[in-house]
Amino acid sequence: MIKLAVILPAAGTGSRMRSETPKPFLRLKGATILEHTIRNFLRVEGLVQIVIATSNKWKSQAQGIAARYKSENLDVDVVEGGSERQFSIHHALQSLNDDVNMVAVHDAVRPFITTSLVELCCTEARDHGGAIVAVPAKDTIKRVDTKGFIQETPKRSTIWQAQTPQIFQRPLLEKAYKKAIAEDYFGTDDASLVERIGGKVRVIAGDRRNLKITFPIDLRVAEMILEEGTFDVPQ
């Protein structure tokens, strides 16, 4: 039986949004982005724990949000994040409940993930070790050298843009993080750490609405998605 924990790294700053407020705590149609994100996991079958990793400065606000969603069947915890995303997730892994056997890592500022995609990704991870949500690259990709000259044009049909969630069997993800931390290795995402130790990671075709809110234009797009009525505003 799947017992899923979701780790939400939420320790980033709001610099690229030109805001003093970290992106997860910016408001979007009446609720913080973090709340929108949390709500989209609440109906996932097998969910038993959510861990929010945030900065010490915003820890009390995160705890207030966590308290709204904690229930008899769901633990919602807050841990202090690290100076890098990888450290934040490593801290969160230390606080998982004993019964958790699957772990999802999801950007706190991707508020439009769907329950069906999470559950499909979780099933594939259970069967194969790991699975991530991704979308096919729309643009032609160029590999360039340090001087800016094109070295290669990879075949676009083989190129995918990774999103989150990225879901793994707990022992596999813990092993990957333990090795990365011990060897001072930084990956670009969680899957890269698992790939590094030989783990299998399946790619699941995702949804382009599952955007990561990074720049002001992304916030405007998010508002438009909510105005379409596809996603509900958390109460």
Q) Given H placed on each backbone N at 1.01 Å, which residues far from D77 in sequence or on other chains put an amide H within less than 5 Å of it? A) I50, V51, I52
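Taking only C-alpha pairs under 8 Å that are 6+ residues apart, what is the relative contact order of the chain in percent?
Numbers: 440 pairs, mean separation 55.6, N = 235.
Result for the chain is 24 percent.
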Q) How large is ³J(HN,Hα), in whole Hz, for each residue of region 84-99 in order, when computed from phi with the Karplus curve 6.51 cos²θ - 1.76 cosθ + 1.60 and θ = phi - 60°, using x for Gly and Pro? A) 10, 3, 4, 5, 4, 5, 4, 4, 5, 4, 6, 9, 6, 5, 4, 7
Q) For the residue pair F215 and F186, what label-to-label distance in nm results when each label sits 7 Å from Cα along the Cα-to-beta-carbon direction? A) 2.2 nm
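Scan region 123-164 for trypsin sites (Lys or Arg not before Pro) in coil per DSSP, keeping those whose Cβ has at most 16 other Cβ atoms within 10 Å, and list them by number. Mind dumping the intermediate values first?
On the way: sites: R126, K138, K142, R143, K147, K155, R156; in loops: K138, K142, K147, K155.
Here the sparse-neighbourhood loop sites are K138, K142, K147, K155.
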Q: Calculate, axis by axis, the spread of Cα positions in region 22-118 along the three principal axes, and write the results as whole Å, longest axis first.
A: 31, 30, 24
Q. What stretch of the chain, leaving out the sites themselves, is the longest with no chymotrypsin sites (Phe, Trp or Tyr not before Pro) in a DSSP loop having at most 15 other Cβ atoms within 10 Å?
A. 1-148
**Q.** In region 46-108, GluC sites (Glu not before Pro) in a DSSP loop with at most 10 other beta-carbon atoms within 10 Å
**A.** E72
Q: Compute the label zone of E227 within region 20-44: residues whose backbone N is under 15 Å from the point 7 Å along Cα-to-Cβ.
A: 28-30
Q | Nearby lysines by direct alpha-carbon distance to K138 (threshold 28 angstrom, same-chain neighbours under 8 apart not counted) | A | K23, K147, K155, K200, K212
Q: Determine ³J(HN,Hα), in whole Hz, for all residues of region 192-202 in sequence, where each value follows from phi through the Karplus function 6.51 cos²θ - 1.76 cosθ + 1.60 and θ = phi - 60°; x replaces Gly and Pro.
A: 5, 5, 5, 4, 5, 9, x, x, 8, 10, 8
Q: Binning at 5 Å from 0, report for the chain what percent of all alpha-carbon pair distances ends up in each bin.
A: 1, 7, 14, 18, 20, 18, 13, 6, 3, 1, 0, 0
Q: Mind listing the long-range amide H neighbours of K3? Cut-off is under 5 Å, sequence gap 5 or more, other chains count too, H placed in the peptide plane at 1.01 Å from N.
A: N101, M102
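Within the chain, what percent of beta bridges assigned by DSSP are antiparallel, to the nearest 5? Please list the in-between numbers first.
On the way: 15 of 36 bridges.
If we restrict to bridges inside the chain, about 40 percent are antiparallel.
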Q) To the nearest Å, what is the center-to-center distance of region 190-216 and region 1-68, using C-alpha atoms only? A) 18 Å
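Taking only protein heavy atoms and a 1.4 Å probe, what accessible area per residue, in Å², does the chain have with all protein chains in place? Kindly include the intermediate steps, with their values, before the conclusion.
On the way: 12080 Å² over 235 residues.
Counting only protein heavy atoms, the per-residue value for the chain is 51 Å².
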(Q) Between A66, A104, A137, where does the largest GNM mean-square fluctuation fall for the chain, given springs only between Cα atoms within less than 10 Å? (A) A137
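The values are calculated or read from the model by the stated rules, or taken from the named source; none is laboratory data. Computed from a prediction, not measured in an experiment: that's the story for all the values here. Here the Cβ is made from the backbone with ideal geometry for all residues, glycine too, and neighbour counts use every protein chain on show. Side chains are part of the model used for accessible areas, which takes the heavy atoms of the whole protein and leaves out ligands, DNA and RNA. Shrake-Rupley method; radii C 1.70, N 1.55, O 1.52, S 1.80 Å.
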